[in-house]
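Notes follow the structure.
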Amino acid sequence: MSKCKGYAALEARAPLGPYSFERREPREHDIVIDIKYCGVCHSDIHQTRDEWSKYQEESIFPMVPGHEIAGIVEAVGNKVTKYKVGDKVGVGCFVDSCRTCSECRQGLEQYCTVATIWTYNGRDKEGQPTYGGYSDKIVVDENYALRMPENLPLDACAPLLCAGITLYSPLKHWNTGPGKKVAIIGLGGLGHMGVKLAHALGAEVTVLSQSLKKQADGKRLGADHFYATSDPETFTNLASYFDLIVNTVSAQIDWNEYLKLLKTDGTMVIVGLPEKDIPLGAFSLTARRRSVAGSQIGGIRETQEMLDFCAKHGVACDIEIVPIQKINEAYERVLKSDVRYRFVIDMASLGK
Ligand SMILES: [Zn+2]
Ligand SMILES: [Zn+2]
């Protein structure tokens, strides 16, 4: 075992503070990553506050969150072939899966029917708790690591590993491209990546935001159109307009109102996670053979495809760098949507 330093919530709802723990010695297919940056995802807040207990078997404390991990390979096991010392690599939301079920064999490890092993707040195959990226190092199997873009800043690419792939996967699955009209509901950490990626894929992109406050930003990020959902005219003007709507908001909004904005055979994909169930009217769907779907991050193969796509198109996240000592303040600001658009922890601050 090797000693690691990080930040953890020692118990549910406790503020995060310094924490020392151990990680396994690298096995033959493992790489050891010197973590340089870690993005701050809204789900880090939900999990350290134990707000998902309804959906999870257990929450494991002390909890070291973080699943948007970017760093440099520091050591490799003796059978590693994909990476060498010095490579820029990343780790996203999971670090292993069963590898044999039909989902795993299709590269859909995030939907593994046996067990996706989450990067933190999970248990590895030996039953040991997993610890995330708010730390100095992580040990991971080479098959569950990603190659980061060479030509883009590593800090701005860290959030691609959750926010980026969460939007890229449904955009690709529902054939986003030239001639397609795509709406993104909500312009936060997820939504801003949706705008950039849908634009880079060649679609016509519309942001549906509560107000017009972020309109200039939305256009700068690549949106063709920007509408306020507080204005009832938005819903009449855009009736039956979109091929695809990606809903990134976790607030309670009336999905039926948004479904009316889909043309025949259109789909609304849910990627935000409201705490309470939202009622769905049958007529919202039957009227134009519309669908509601959900999507959760992406598999390793698709995440690599997304990173390569971002490298090619110069797409990264808009970030604000914070030292680890400010993480509790950063959480409060995330809850107030007071960040444009993702916090990224500079892990060099751990040593201070
Ligand atoms: Zn996340
Ligand atoms: Zn599996």
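Nothing in this text is a laboratory measurement; each read-out follows from the coordinates by a stated rule. Note that the structure is predicted; figures quoted are calculated from it, not measured. All Cβ positions, glycine included, derive from the backbone under ideal geometry; neighbour counts span all protein chains shown.
One chain, two ends: His313 and Arg24. Fully extended at 0.36 nm per residue, the span grows by 100.3 nm beyond their Cα-Cα distance.
Working from label points 7 Å from Cα in the Cα-to-Cβ sense, the Phe283 to Lys84 distance is 6.6 nm. One compactness figure for region 124-166 is 1.37, namely its Cα radius of gyration divided by 2.2 N^0.38 Å.
Counting charges near Tyr83 (Lys, Arg +1; Asp, Glu -1) among other residues having Cβ under 13 Å from its Cβ returns a value of -1.
So if the hydrodynamic radius of the chain is defined as the Kirkwood radius over C-alpha pairs, what does Stokes-Einstein give as its diffusion coefficient at 10 °C and 1.306 mPa s, in µm² per second? Reported coefficient: 77 µm²/s.
Applying Stokes-Einstein at 25 °C and 0.890 mPa s to the Kirkwood radius of region 249-352, computed over alpha-carbon pairs, gives a translational diffusion coefficient of 142 µm² s⁻¹. Equivalent-ellipsoid semi-axes for region 166-303 (Cα gyration tensor, √(5λ), whole Å, largest first): 20, 18, 15.
Here each label is just a point 7 Å from Cα along the line to Cβ, and for Ala293 and Gln128 those points are 3.9 nm apart.
Among complete DSSP H helices in the chain, those whose alpha-carbon atoms stretch at least 15 Å along the helix's long axis and whose mean Kyte-Doolittle hydropathy reaches 0.0 are 163-173, 189-200. Relative contact order, whole percent, for the chain stands at 18, derived from Cα pairs under 8 Å and 6 or more residues apart.
Around Glu204, what is the net charge, scoring Lys/Arg as +1 and Asp/Glu as -1 over all other residues with Cβ under 12 Å from its Cβ? Within the 12 Å Cβ shell, the charges total 0. Taking Lys and Arg as +1 and Asp and Glu as -1, the other residues whose beta-carbon sits under 9 Å from that of Leu244 total +1.
Most simply put, the chain has about 55% antiparallel DSSP beta bridges, counting only bridges with both residues inside it.
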